[in-house]
Amino acid sequence: MFITLQIFLIFILILLLLGACQFDRNNPGMDCTIGLGKGIVILVSQWIGLTTFLVSTQVSYEHGVSGLISYCLAGVCSLFCLYFLLKKRAVSHAPDHIGKVLKPFLLLYHLENFVVSLLAAKLVLKLFYNANILVLAGLLVVFYQFILLAKSKNLYIRSLIISMLSLIATVLLPTFVYLKVSVPTIYSGVHFLATEMLILTDPSGWFLGGVLFIRFMAHNLLNQNMWRVFTNIKQTKRSLAFTISSFVWFFVPLSMGTLAFVAKASAVWPASHDEVSLQIVLQFGGQLGIFLLIATLLVILFSALAHNLVDKTFASKDLFVKIALLALATVIVTLLPKLTILDVMIFASFVWSAMIPAIYLRKTDCSATWVTVFIILVSVGVGIYGILYFGWEKGILFNALTSACLSFICSGRNK
């Protein structure tokens, strides 16, 4: 039965992608100006990723209500910060905005994306534990179609696929689970087994939200599609597009994060905390729920991998750099079998916390000036001290606070 479900899933995805490729050939490139509807669809697809479906549940599982709310607020606040930065600088050429200082950080950006994708692929492939050659060949065909879409300059069609599947899964998956496990059962189970999940004043959850806010800001800044989309949206529609798409994104992790309460109430103990949503849907989601979850994760996973592989950030050395980063990501995932996606986000945020305030708050250009390099190096030193004595979350926040203070001081002197 499960093999039949896998084959049916791959068949539906191939038909969907063939139709998308045909539409893409008939409508090449992105329009010079994008309206409100297209703008919202493209922005939502850029912000919905594997972390939205897997990490939001993990954060809620480990930190309860405070972690889930802080995760959602961190994402929304980072999106509004991105809007104001783009509005202020009004850059029109995506590769040129990065500057020489941010070039090395792009290596970490792609490495983090590769590690997250491989960890998610490892989780998804567990659902294909008894796959045959036909299923594996179908997966390769689906991935190849995503590479073809990623090579196209038209973001709308793949954005539409990701947005539709993600929003449908966000609505239906918790519904299927709550129909199987009644709300009173979940409520009494949480009160009996995990009352700590209901504490809204848990400081660890809010500290983690601050760290994730920095991480979201970094990925928004380094995602070159964001600069391209911003300049193509009609100027009168930009603020409304960002506002609506931000609140649409807010309900995706909020909805998926509630599955963690089902896990605690039903005494589901996954081997890895980033498997919480998968385990809950497998046990209580039914056949349609499993189909939706696998389809959504495959679409987001293949789209993310294809985008990172075809991205031309490093020009002539692009292929060599991408192979090296993918190999390094494979080594990291292999040598650290207990590594979770949330761990990767926290570790990378140590670097982002030094970089982001120096880039966002500096009044001068983001070029490789010695002042910016000095701010980042001093902040990293303070961050290492904070991690050794106070832990990862507080150390990262100390890192960001130091970078912000030095950036304000240097900007004042420049002025």
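Before moving on, here are some points about what is shown:
- Boolean, residue 377 is touching an Asp or Glu at 6+ places or on another chain (Cβ under 8 Å), among the hydrophobic types (A, V, I, L, M, F, W, C) and modelled with pLDDT of 80 or more: no
- Any chance residue 349 is of a type in the set (Ser, Thr, Tyr) and either part of a loop (DSSP other than H, G, I, E, B) or modelled with pLDDT of 80 or more (or both): yes
- Screening the candidates 163, 204 for the property of being under 24 Å from the mean Cα position of the chain (by Cα), under 30 Å from residue 354 (Cα atoms) and open to solvent by less than 60 Å² (accessible area, probe 1.4 Å) yields one hit, 204.
- The sole residue among 91, 59, 101 that is of a type outside the set (D, E, K, R), surrounded by 17 or more Cβ atoms within 10 Å (Cβ to Cβ), more than 24 Å from residue 306 (Cα to Cα) and modelled with pLDDT under 80 is 101.
- Picking from residues in the range 377-401 that are in contact (Cβ under 8 Å) with a residue 40 or more places away in the chain and crowded, with 23+ Cβ neighbours inside 10 Å, the one that is farthest from the chain's Cα centre (by Cα) is 399.
- Positions within the range 144-159 being in contact (Cβ under 8 Å) with a residue 24 or more places away in the chain and either small (Gly, Ala, Ser) or open to solvent by 50 Å² or more (accessible area, probe 1.4 Å) (or both), in sequence order: 148, 150, 151, 152, 153, 156, 159
- Failed item, numbered, when residue 177 is tested on (1) open to solvent by 30 Å² or more (accessible area, probe 1.4 Å); (2) more than 22 Å from the chain's Cα centre (by Cα): (1)
- Within the range 284-300, residues that are at positive phi sit with their Cβ atoms under 7 Å from residues that are surrounded by fewer than 22 Cβ atoms within 10 Å (Cβ to Cβ) and of a type in the set (A, V, I, L, M, F, W, C), at 6+ positions apart or across chains, in these pairs: 286/176.
- Annotation note: Cβ proximity below 8 Å between a residue of the range 14-37 that is among the acidic types (Asp, Glu) and a residue that is at pLDDT 65 or above (sequence gap 6+ or interchain) occurs for 24/149; 24/152; 24/154; 24/157; 31/38; 31/232.
- Among the candidates 139, 198, residue that is closer than 25 Å to residue 72 by Cβ and in contact (Cβ under 8 Å) with a residue 24 or more places away in the chain: 198
- Identification of helices (runs of 4 or more DSSP H) wholly contained in the range 238-341 with 2 or more residues that are surrounded by fewer than 22 Cβ atoms within 10 Å (Cβ to Cβ) yields 238-257, 276-284, 286-310, 318-335.
The values are calculated or read from the model by the stated rules, or taken from the named source; none is laboratory data. Given the structure is predicted, the values throughout are model-derived calculations rather than measurements. Glycine gets a Cβ as well: all are built from the backbone with ideal geometry, and neighbour counts include every protein chain shown. Surface accessibility is based on the protein's heavy atoms, side chains included, excluding ligands, DNA and RNA. Shrake-Rupley method; radii C 1.70, N 1.55, O 1.52, S 1.80 Å.
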